[in-house]
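These notes are about the structure you will find just below.
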Amino acid sequence: MRLYYKAGACSLAPHIVMAELNMVYEIEAVDLANKTCASGDYKMINPKGSVPALRMENGEVLTEGAVIMQYLADQNPEAGLMPKLGTTDRYRCMEWLNFIASEVHKNFTPLFRTSVKNAEGLKELKDGQIETLKNKIGFISEKLGSNDFLMGKTFTVADAYLFTCLGWGKFVGLDVTQWSNIANYMARIAERPTVMRAMKEEGLLK
């Protein structure tokens, strides 16, 4: 399989999942500004022009990170990166994926891409987004409590996604370490060999 990615973007999450599953895979960087990659016109691979995209073993291309991660996890159910089909835990994990996608990921996006030229307007927009994110992270902190991971003691695809998104905080002036359990959570995940492997492969770590 081949993962199309941008270093440090949301595509890092499925990259971590592939490393966790010890899969045989290739990665190909995408220039999102020009919609190009080593293969040529990236929009011929993913018409949406966004990452991640996964070329599966059957040659088809799957998009949307939360879906890609579930697909990857289901290739090796015994690894436990997604709870078993039909269980309440499965839907709880999907609930986390959806929350991270819609309430965390999407609220970071305006902080990276804004067309506001007025300095005062830009500050107002940024402050508003930061406050929204603080509310969302506060909710996550409360639910996480003293657990190691979002689903308790087991690392899942939801943790790969949340770790990736919260890692953007340092680029936009949001210190996630103000929540002590979130700080511990991020440090715990950062120390996983598979996470370090994925980050090294993207040039994020030496």
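The values are calculated or read from the model by the stated rules, or taken from the named source; none is laboratory data. It should be emphasised that the depicted structure is a prediction, and the values quoted were computed from it without experimental measurement. Please note: Cβ atoms are built from the backbone with ideal geometry, for glycine as well, and neighbour counts cover all protein chains shown. Just the protein is used for accessible areas: all its heavy atoms, side chains included, with ligands, DNA and RNA removed. Shrake-Rupley method; radii C 1.70, N 1.55, O 1.52, S 1.80 Å.
Of all the numbered requirements in (1) part of a helix (DSSP H, G or I); (2) within 18 Å of the chain's Cα centre (by Cα); (3) more than 22 Å from Leu32 (Cβ to Cβ), Thr154 misses one, and that requirement is (1).
The combined condition, being part of a helix (DSSP H, G or I), touching a residue at least 24 places away in the same chain (Cβ under 8 Å) and open to solvent by less than 40 Å² (accessible area, probe 1.4 Å), is fulfilled by Gly138. Inspect all residues belonging to the range 141-161 and state whether any of them is surrounded by fewer than 18 Cβ atoms within 10 Å (Cβ to Cβ), acidic (Asp, Glu) and more than 20 Å from Tyr91 (Cα to Cα). No, every residue in the range 141-161 fails to be surrounded by fewer than 18 Cβ atoms within 10 Å (Cβ to Cβ), acidic (Asp, Glu) and more than 20 Å from Tyr91 (Cα to Cα). Restricted to the range 161-206, the set of helices (runs of 4 or more DSSP H) holding at least 2 residues that are hydrophobic (A, V, I, L, M, F, W, C) and under 17 Å from Gly145 (Cβ atoms) comprises 180-190.
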